[in-house]
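Below: one structure, written as structure tokens.
The values are calculated or read from the model by the stated rules, or taken from the named source; none is laboratory data. Small disclaimer: the values here were computed from a predicted structure and weren't measured. As a convention, Cβ positions derive from the backbone with ideal geometry for all residues, glycine included, and neighbour counts pool all protein chains shown. Surface accessibility is based on the protein's heavy atoms, side chains included, excluding ligands, DNA and RNA. Shrake-Rupley method; radii C 1.70, N 1.55, O 1.52, S 1.80 Å.
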Amino acid sequence: MGHKLVAALGVGSNYQLSTLVSPRYPEISGISNRLFPASLIEFLRKTENVEIDEVLFLGTERSFSSCGNLIEEEIVGKLGIAQNKIKYILIYDEDFKNSNIEKAIGRMLSDLKNHFTAGDVVYFDMTHSFRFIPFFSTVLIMYLQAVLQNVDIRLYYGLFEPGNPNSHTILVDLSKLTNIAKWIYASNLFIEYGYTIPISRLLSSRAREIYKNTEIRQKPVKISGLSSSFEKFSNSIRAGIWVLIEESARELDNKLKEEKLRNEIQEFIPELEPLLPRIEQKVRSISPNELNILEMQRQMIKFYLESNDLGMAFRLAREFTVNCAMVALHKGEYLFDRSKREEVERLIALKNNDPNWKIFSAIFQLRNSYAHFGFNSDAKSVNLESDHKRLAEFLDKFKSAAELVEFIRQELLNVSYFTAED
């Protein structure tokens, strides 16, 4: 594990001598430099006993040239950072002039990531950024968080305030900006794909941070419970056990409706609050509080399909069809009765050659391949793209569970194997 400093450079001739000021450490004094990265290195030494192992400067050829003397004087001479620990990551002006942003990001990401290893703490200093570099650097940080494992990235900015006779620069910790990006990413994973583990872990982590903070006297009591509910829901939908899915979806929906929880989120996780309506919308689209059991199953098929989880989608589509058939034949109270289900399944099998039943026959056949992980003779007929389309057409054909129940009622009551009254 190492400590690395990444700092952007502008035109050094404009930089003035300034004293670092920290609201968090008001007792710190005597840190004065023209290059704010030099002040940040001194600050980390005094407050966290941290020695920077490597300094990575981002800049253009002009900024490197104009800052050369300052680097030599303050970073090397004053702070004793060896020249071989100072690296330069070149920003190519031409990439930006030609609007080739993807290429610019790719170049810098490739250069930067080679300097980091798992467990590193990386301090980003954006004080001397200019033009588009602050935006660019923020995106770069999010990329690095995705590319690198177990790397702690912290973001700082020096707020320069000129004065007479003394100038000072306030150290602003912007690290929470990168945490906000994590909340956005985790929320979108759930909204788009139904994955809840990332958001569950963020909630647990925030709860631990709050409880460790002695300055916060009134602790939240609901946030940890919400984390647990998200995790239960995620585990249930991946396991594919209907009773657990129904139970965990109801629990999560109820939790999100609690006024006390919403107040805690507003106070302790304000970055999550604007995302809550979309999260709630996703949960309520499959909630047993809002839907009957069959419609919830149809929505869960859609849920799985939207996350491209075809295996789960086909397995549930098959059981959903059987369930609709049982309701159609007035056997809805026996949904969990194996013998009754087998009776209805045999009745369905008699319709396999019926042209009106082709869509169901295909779903049942494909389900077998997915259920057996492809270890059967039907696996050669699996095509992920066409299978996805087939299930989408199934949901489009029957726009509600009630429509499917009525269709099956008309189809199966004409089959002589047994009638609804048997």
### Range of Cα positions in the stretch 293-417 per principal axis (Å), largest first
35, 29, 28
### Task
Determine the share of the stretch 265-387's accessible area contributed by carbon and sulfur atoms, expressed in whole percent, with a 1.4 angstrom probe.
49
### Message
Quick check: the distance between the Cα centres of the stretch 289-328 and the stretch 28-93, to the nearest angstrom?
### Response
59
### Query
Quick one: length gained pulling R278 to F373 fully straight, 0.36 nm per residue minus the C-alpha distance?
30.8 nm
## Note on the structure
Residue-normalised value, i.e. accessible area per residue, for the chain at 1.4 Å probe, in Å², stands at 51
### Query
Expressed as a whole number of Å, what is the distance separating the alpha-carbon centroids of the stretch 170-226 and the stretch 4-19?
32
### Task
Would you list, by chain and number, the aspartates and glutamates whose Cα falls below 18 Å from the Cα of K87, excluding same-chain residues fewer than 8 positions away?
E51, D53, E54, E61, E72, E73, E74, D111, D120, D125
### Query
For V76 and S224, what does the FRET efficiency come to when R0 = 60 Å and r is the distance between their Cβ atoms, rounded to the nearest 0.05?
0.80
## Note on the structure
For the chain, longest principal axis from Cα atoms; helix 197-212 axis from its Cα atoms; angle between them, nearest 10 degrees, is 50
### Computed label-point distance, nm, for sites E102 and Q365 using a 7 Å Cα→Cβ extension
4.0
## Note on the structure
Along the dipole axis of the stretch 276-422 (charges at Cβ: +1 for Lys and Arg, -1 for Asp and Glu; origin at the Cα centre), the most positive-end residue among F375, F360, Q297 is F375
### Query
Once fully extended, how much extra length lies between D337 and K399, figured as 0.36 nm per residue of separation less the alpha-carbon to alpha-carbon distance?
19.6 nm
### Summary
For Y25 and L350, extending 7 Å from Cα along the Cα-Cβ vector and measuring point to point gives, in nm, a value of 8.2
### Task
For I293 and L413, compute 0.36 nm times the residue count separating them, minus their Cα-Cα distance, and round to one decimal in nm.
40.9 nm
### Query
What distance in nm separates the simple spin-label points at H168 and N84, each placed 7 Å from Cα in the Cβ direction?
4.0
### Query
Considering only L5, S167, L58, whose Cα is most displaced toward the positive end of the charge dipole of the chain, charges sitting on Cβ of Lys, Arg (+1) and Asp, Glu (-1)?
L5
